[in-house]
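Just below is one structure, and these are the notes that go with it.
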Amino acid sequence: MVHHGPMSVTTRIPAPDGVAPAAQYSHVVVGTGRFVAVSGQLALDEDGKVVGEGDPAAQARQVFENLRRCLAAAGATFDDVVKLTFFVTDMAFLPAIRAARAEHMADDRLPAASAVQVAALVRPEFLMEIEAFAVVAA
């Protein structure tokens with residue numbers, strides 16, 4: 001089922017009083033509407049094959065494409081995303097993730113975000129996993 005209603009109302013707060021400004025994310029995003037949770041996405045194509053083994057940029061692009069497709073299935077877009085969580089096996093992959101994110105999200109629409117380095121993901125060929133939370137109009 002795809003929801004085709006109006007966009008949710010969200011407010012992004014990059015720097016609440018007394019908190020250092022955020023450079024690559026918003027500290028707070030407040031939204032009204034229907035909550036959408038997208039499970040962590042991996043660099044798998046539609047046939048379940050790994051994309052970009054050993055290549056963080058290729059993996060990040062595939063992960064964001066998978067996120068886009070999952071959001072669309074819920075009637076959401078990247079404009080509706082209020083939170084992203086990046087799980088990476090090496091923090092050195094963050095520039096590749098930010099570049100892929102920039103292809104889908106405008107600088108003035110950045111969600112809240114967390115980046116966590118993990119010892120391993122479900123399979124060793126995966127360099128990252130990214131989950132998303134969105135709010136769409138009810």
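The values are calculated or read from the model by the stated rules, or taken from the named source; none is laboratory data. Given the structure is predicted, the values throughout are model-derived calculations rather than measurements. Every residue, glycine as well, gets a Cβ built from its backbone with ideal geometry; the counts of neighbours run over all protein chains shown. Surface accessibility is based on the protein's heavy atoms, side chains included, excluding ligands, DNA and RNA. Shrake-Rupley method; radii C 1.70, N 1.55, O 1.52, S 1.80 Å.
Tabulated data
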item	result
Projected label distance in nm at L44 and Q117, using a 7 Å step from Cα toward the beta-carbon	2.7 nm
Sequence of S26, S114, S39 when ordered by accessible area, the most exposed leading, probe 1.4 angstrom	S39, S114, S26
Taking the range 8-138 and dividing mean pair separation by its residue count, relative contact order in percent (alpha carbons under 8 Å, at least six apart)	38 percent
Cα-based helix-to-principal-axis angle, 56-73 vs the chain, degrees rounded to 10	50 degrees
Over the chain: helical MRE at 222 nm, DSSP H runs n ≥ 4 each giving -39500 (n - 2.57), nearest 500	-6500 deg cm²/dmol
Options V30, V88, N66, ranked by Cα towards positive dipole end of the chain, top entry (Cβ charges)	V30
Accessible area of the chain divided out per residue, in Å², using a probe of 1.4 angstrom	52 Å²
Reference-scaled alpha-carbon Rg (2.2 N^0.38 Å with N residues) for the chain	1.04
